Amino acid sequence: MARKDLDWENIGFAYRKTDMRYRSNYRDGAWDEGGLTPDADVVLNESAGILQYCQQVFEGLKAYTWEDGSVVCFRPDLNAERMYHSAEWMEMPPFPKERFLSAVDAVVRANADWIPPYGSGASLYIRPYEFASGIVIGVKPAEEYQFRTFTTPVGPYYKGGATPISIQVSDFDRAAPHGTGAIKAGLNYAMSLHASVIAHQNGFSENLYLDAASRSYVEETGGANVLFVDRERKLIVPKSSSILPSITRRSLVYVAEHYLHLKVEERAVRFSELPDFMECGLCGTAAVISPVGRIVDHGREINLPSGMERAGEVIGELYRTLSDIQHGRLEAPEGWIRRVIE
Ligand SMILES: *Cc1c(COP(=O)(O)O)cnc(C)c1O
């Protein structure tokens, strides 16, 4: 193995073409054998289903180098499970879960030179996805699909510790009740781009979306679930059928209960309750948790008591505990770690 000579601490979150990716095609009602390819380009007919009606689902997870040199993935079985469910929702043939895991193993091993070293804070980001490659013109599910998985090394989301961000309440809705909010599909991101450009123009890092039906409950941001901490150090987790079931959030709930011995409440959270909370954070694979210091609703500011200088106490403990589990510094619960390279 000859690890690439990159400035690992400063590579940022960007696409970098690595050596190999995994590809399998679905034709005549079955997935082919699949395998690795160096070809990063996808060639499609002009009327492919993905190009016309956006039939696509995806996942995102990371591989980490541990201090002993081994490489692990964090709960990839849950990504396999979630993508299976997302595909079914989108009338796409789901990619078998065992094969999803083998594909992840294969791309990590084939791109071993690109896996950032222990201690750099960087990791190998893995992007499995499936899209309609078959031709459609009338509106219907395509007959042919492709499953791919590529990798790209990504830097630590925060250099020198997490600084709290400001977010704004969006004027747009992310997901309709009974809609696609709970599946991981590109279409949920396509509609968020306009809102996200506006949020950035207004000086905010993210949009906080409220429930589309009543606009009185907190849902999530464009790509991360939201967590709150109340005055009793209880973790308050918004619950709704249109929130994407974040693996990071589900893991943090377990960490809160079993490692930090905190009480956790998963329930619908009214926007009007926010001034009562002490801390807030956004959670997802990319950053684990981004602390939120300020939430602005059309000029009305909610300043979290944890402030804009550093993460709140509980959010900080959750971040450190889960990061330590992912990097092998703290024993993980049974089944959370998949060793890919010994
Ligand atoms: C992927 C995603 C998340 C985070 O999920 P993780 O499994 O923790 O990475 C949160 N919200 C949305 C909308 C997402 O697409």
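Laboratory data are not the source of any read-out in this text; all were calculated from the coordinates shown. From a predicted model like this one, the values you see are computed outputs, not experimental measurements. As a convention, Cβ positions derive from the backbone with ideal geometry for all residues, glycine included, and neighbour counts pool all protein chains shown.
Distance between the 7 Å Cα→Cβ label points at ARG109 and GLU33: 1.6 nm.
One way to sum up the overall shape of region 54-199 is the equivalent ellipsoid from its Cα gyration tensor, whose semi-axes run 29, 24, 12 Å, largest first. Taking the square roots of 5 times each eigenvalue of the Cα gyration tensor of region 165-326, largest first, gives ellipsoid semi-axes of 23, 18, 15 Å. With both labels modelled 7 Å from their Cα along Cα-to-Cβ, the GLU98 to ARG320 distance reads 4.3 nm.
Reported value for the chain: 138 Å³ per residue, from the convex hull of its C-alpha atoms.
May I ask you to list the GluC sites (Glu not before Pro) in region 1-71 that are in a DSSP loop and have at most 15 other Cβ atoms within 10 Å of their Cβ? Passing sites in region 1-71 are GLU33, GLU46, GLU67. Restricting the GluC sites (Glu not before Pro) of region 164-259 to loop positions (DSSP other than H, G, I, E, B) with no more than 12 neighbouring Cβ atoms within 10 Å leaves GLU232. DSSP loop trypsin sites (Lys or Arg not before Pro) in region 248-288 with at most 15 other Cβ atoms within 10 Å of their Cβ, which ones? Loop-located and lightly packed - LYS263.
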